Each structure stands twice: as structure tokens, then as C-alpha cells.
Amino acid sequence: MIKNNIRPRASSERLDKLAALENQTSLEWIMKNSQMLELKSNIKMISKDSLSINIHVPEHEGVATIWGDKWFGQKKISQFRGLLIYDNQFCLVLNDCFIEKKRYQSSHFRAYFLKLINQTGQLILIFSHPLSLKQWNSCIKKFCKRNNFNKKFKVVELICQNFYQIQHKKQKSLFSSQVINLASIQNYDQAELLDNYLKILRNSSISNYIETIGVFEEKQMLFIVCKYFKGNSLDQFYNQSKKQYLIQQQIATICISILHALKSLSEEELYHGKISFENIICYSNLKTQFGTYLINSHYKFYDQNTLFKYIQSTPAYLIAPEIKQGITPSIQTDIYQLGMILGLLTFYNFSQTFNQNYFQQQSSCLMQLIIEQEKLIIKQKESYDYPQLFSISQLDLIKRMIQPNPNLRININDALKHVWLINNKEKKIQKLIPNQIAFPSLRTIIEIKDSECDIKKTMNNFSDENSSFVKQEQDPNSLFVQIKQHQNINSETFVDSNDEDENLLNDKIEKLNQQNNLVPSFKDHFCMYQSRCI
């Protein structure tokens, strides 16, 4: 379904005025200046007509001067989500591009440039007015990658595995950043997973993901900067806490938050693909006492020939029965995974080790445990073996989520209306204190990326389910050892890298990990199960 939001009136009027100013100014002097030859655009774009999309109301539209091989003049430009539409004929996927703004000024002339670069070339938008540059940079930079992280931010402290507190050097504002290693990419499938994950993070319509502000790439490291929070992933919480259990309202809040995230994904014709303990972040911030983020989506197009890759990269207890019968992942399989997570939490106590062995063993008898406990509750025989089992309605929700038949499995809307979640939704919950620092659918945009060009990108590990969280020694294959050996930037950038800042950044991150006895795992997800590695 094509969704088309109305453009904000203030933004529309501002861009219309700026377009009028641009039309009144001639920039033909640029062609006569030999220093300006680098401003020619040569990027490869795809035809809008070939994409089968119909955008009635772009989010932003205006004009910019563009210098091509055989022509120079003003062209209409517009932006809709992650697409820049040029001359109403061609499209550019912004997710692939680095962005940089520059200006030229002399005694007689001035001009302002917005550079977009990917591996096929560059597109340079030329403006005569500084406000035009500011407005368009603000519109599209959140969809692009930048390369000046070290100049803008400094790393302050570790929040949880793969997440750091960072501070803006000028404004002194605090943010959080997910750090992703780009050096361990081994195949195009992994690159595609990261590419799709970034598109999801940049889509404001999807709820309960980290609130992304910008994406920066520096020497094989990807920094996803988001709003500041404190928290921990569920697996780290249970592995670090001193026998601290979640209360009923907290578990219900986790379930409700993930269901809302899945609902917003389904409205964009997407799914998560790997709802696991390490991909669920419980957090707190100034506005939220206890909340949940989903991270590390594993959305990708699968068919009968590629489905085996999903099966090989996903733990057995998270694979819904229909997947084994050849059905591709979907929101229904996400619900199955959420049911498994909820069930494993419900029947966990600290006499067991919270790891893959427990997950696999307990998941195989989960339905049997539910039936046994239902009988005990009906007989009013209270069980003290499971401190996180609170009611029979909780068991009913789990049982309906892990229903083997996908046609009988509970859907998102019915799950959100389930009596156990309703009863716990409005109750005041305690704050979880983390032990460790404490439009076209988006699927259409992803399809556009697949049809645009055969660009191989780098992708991250996401989280390593089998990795040990607490380590005594630095892994010689870890990101922070490897990064010191890399002195060259593999992707084209515009801003010169500051090697001194780079080394300070790496030393800072490494020191934080050593202080906390924590070495983040940046191994690729496909390497988690080496016996089944693709």
C-alpha cells in the first residue's frame, strides 16, 4: 500500500520561498571557473518510471542547480523518505550515500554545495542561498552516512554491549551510539541485512526501535547515533544481576512494546526476523521509566532457494515450525519468537544458567510445562520454582503465541488485547536499574535498493548469542585490536580523517571495556554457529 503523508505547511512554504530565490539567481559563472570542474555530477540513478511507485505529495520539494556532462541548469528535486527524486524522472537511494556540505566564496561570487556520493559517482546540488543548503541538508542528512564522527563526538562511557554514551563536543549534549564492526563482512547477504536495518532505523513510522539521529562511518566502524538512554539487553541483565528478577509489569511492558514494534513493521510490510534476548534492550531515560527497544533486525527477502540461509543463521528454538516446511519469515514467525522469549522468561530461575543450552533445552518442553502449571494453578497449588510465573492468563498468552499452526496462532491486534497485557498495561512499574551503567512502504524502498545497483556494502555482527559476556583478556580478533591495524579508509570521503582523534577514540573505547571487564563481540551473526556457517 502506498502511504502519502501531507507535507507540513511551514516546511512547504519555506521551500517554496527558497525555490523562488534560487530561480532569481544565475550560477552560470560556475562553468567558467576552472576550479569548479569537480562540481560535475556523474552519479548513476534509476528511472522513476521503472519503480512502479506513485508519490503524490513528497515530503520536501524545491529546485537546485546541477552540472551534468553536457548541460548546466536548475532541476526540480524532491525527497520522500529515503529517496531523492531528481527532475521527476530519476531516483537516488540516500541510504547508500555519504553527504557533505561545502561553500565557495570570492569577492564577486558565492555558492553552496551539497555533495552526495556512493560507489557509482557523485551528485552535487548547487544553491545560491545559504538557507537552501541548510534546509536541504536538514531534510536528507538523516538518510545518509557521514564521516566526521570524531570531529563531532567523543566517547564517554560504556552503556551495554555494543552501545556507548557519547557527547557532542560543542553542544555538550549526551547521546548513545551503537558501534558496529564493518571489517568482518564476508558476503553480500550480511551487507544486505545491515542495509535493511539502517533503513528501518531511519523510518520514523516504526516504533520502539532506537531513536536514530545519524549514521557515521569511520575506518571500518559504523556509529549509529541515537537519543541517550541507559539500559541493558535481556541476556546481559540475567547474566550480570545478583539474582534479580523482573516483576510482572516489567515483563508485560516488554511484550507490549515489542508487539507495537511488530505492528508498525507489519504496516510497512516488514518483519524483524530474529527476536532474541540479545536483541531486546530494556532502557530508561528522562521521559521513560522502563521501556523496550528492538535492535538488529534481520529483514531480508527469502525464497525457497535462499531460506536455508535464514535457518542456518537462526537458533533452532527461534525457528517457527512453518519455516521448516518452506514458509518464509513473516510477522507471524516474529510472534512465535516473542512467545518463546516470554515462555523462557516465565520458566527461568537462577538455578539454571541463562545461555543457549538453557534456551534450547527448555524450549523443547515449553508447551508441556505450560500445561502442567495450568493444572497446578487450577488446583490452587502455588509453585515456587518459577518466580516470574504470575498467572494462568500469562500462560494462555504464551501458549497462543507458540501455537505450531500459524493459522491458529494469535495475531498482533488480539495479542495486544489479551487480558494479561491489559491488566498490567496501566499499572505503575518499577524502574529497572541496569547493572552495567545502567508513502511507499519501507519494503518498497528496500526493493528499490535491490534494483538500483549491485553495490556490495559492509555489515555488522549485530550480537553474538554464543559469545561470553564477561572476559578476562582482550580478544586478539576483536574490533579494538583490529582497528589499530587499519590505516586506510576503504570508502570515499570528503572530510580528511584525523588519525590522532581516531587513535584517541579507539583507546577510549578499549579502556572502557577493560575497566568493565567487557569486550563487545563484533563477530558476524553468521559465525555464531560455526558448524552451520554459510
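The values are calculated or read from the model by the stated rules, or taken from the named source; none is laboratory data. Please read all numbers here as calculations on a predicted model, not as lab measurements. Reconstructed Cβ throughout: ideal geometry from the backbone, glycine too, with neighbour counts over all protein chains shown. In case anyone asks, the SASA skips ligands and DNA or RNA and just uses the protein heavy atoms, side chains included. Shrake-Rupley method; radii C 1.70, N 1.55, O 1.52, S 1.80 Å.
Taking 18 Å as the limit for the C-alpha separation, the pairs LYS230/LYS287; LYS145/LYS170; LYS40/LYS75; LYS48/LYS75 exceed it in the case of LYS145/LYS170. Once both labels are positioned 7 Å from their Cα atoms along Cα-to-Cβ, the gap between SER173 and GLN380 label points is 5.8 nm. Residues HIS272, HIS60, ordered by accessible area of protein heavy atoms at a 1.4 angstrom probe radius and largest first, appear as HIS60, HIS272. Prolate is the label for the range 296-374, because the ratio a/c of its alpha-carbon gyration tensor axes (a ≥ b ≥ c) is 1.5 or higher and a/b is greater than b/c.
With R₀ fixed at 60 Å, the C-beta to C-beta distance from ALA316 to ASP69 puts the FRET efficiency at about 0.65.
Computed with every protein chain present, the accessible area of ARG202 is close to 20 Å² [probe 1.4 Å]. The length gained by stretching the chain between ASN407 and THR120 to full extension, at 0.36 nm per residue less their Cα-Cα distance, is 98.8 nm. Rounded to the nearest 0.05, the FRET efficiency derived from the C-beta distance between GLN105 and GLU269 at R0 = 60 Å is 0.80. For the pair VAL57 and GLN244, a Förster radius of 41 Å applied to the C-beta separation gives a FRET efficiency near 0.25, rounded to the nearest 0.05. Ranked from largest to smallest solvent-accessible area, with a 1.4 Å probe on the protein heavy atoms, LYS324, LYS227, LYS300 come out as LYS324, LYS227, LYS300. The residues SER313, SER138, sorted by heavy-atom accessible surface at 1.4 Å with ligands and nucleic acids left out, run SER138, SER313 from largest to smallest.
Look at the alpha carbon pairs under 8 Å that are at least 6 residues apart: their mean separation over the length of the range 188-317 gives a relative contact order of 29 percent.
Using a ≥ b ≥ c from the Cα gyration tensor of the range 102-254 (square roots of the eigenvalues), is it rounded, prolate or oblate, where a/c under 1.5 gives rounded and otherwise the larger of a/b and b/c decides, a/b for prolate? Prolate is the answer for the range 102-254, as a/c is 1.5 or above and a/b outweighs b/c. Computed about its Cα centre, the charge dipole of the range 200-294 is approximately 420 debye, with only Lys, Arg, Asp and Glu carrying charge at their Cβ.
Spin-label model, TYR188/GLU38: points 7 Å from Cα along the beta carbon direction are separated by 3.3 nm. Take every pair of alpha-carbon atoms less than 8 Å apart whose residues are at least six positions apart; their mean separation over the length of the range 107-184 yields a relative contact order of 16 percent.
Simple rule: put +1 on each Lys or Arg Cβ and -1 on each Asp or Glu Cβ in the range 60-112, find the dipole, and look at PHE72, HIS108, PHE90; the Cα lying farthest toward the positive end is HIS108.
By a 1.4 Å probe calculation restricted to protein chains, ILE319 has an accessible surface near 10 Å², given to the nearest 10.
Quick check: from the Cα gyration tensor, does the range 339-417 come out rounded (a/c under 1.5), prolate or oblate? Judged from the Cα gyration tensor, the range 339-417 comes out oblate (a/c at least 1.5, b/c at or above a/b). Dividing the convex hull volume of the alpha-carbon atoms in the range 36-175 by its residue count gives 158 Å³ per residue.
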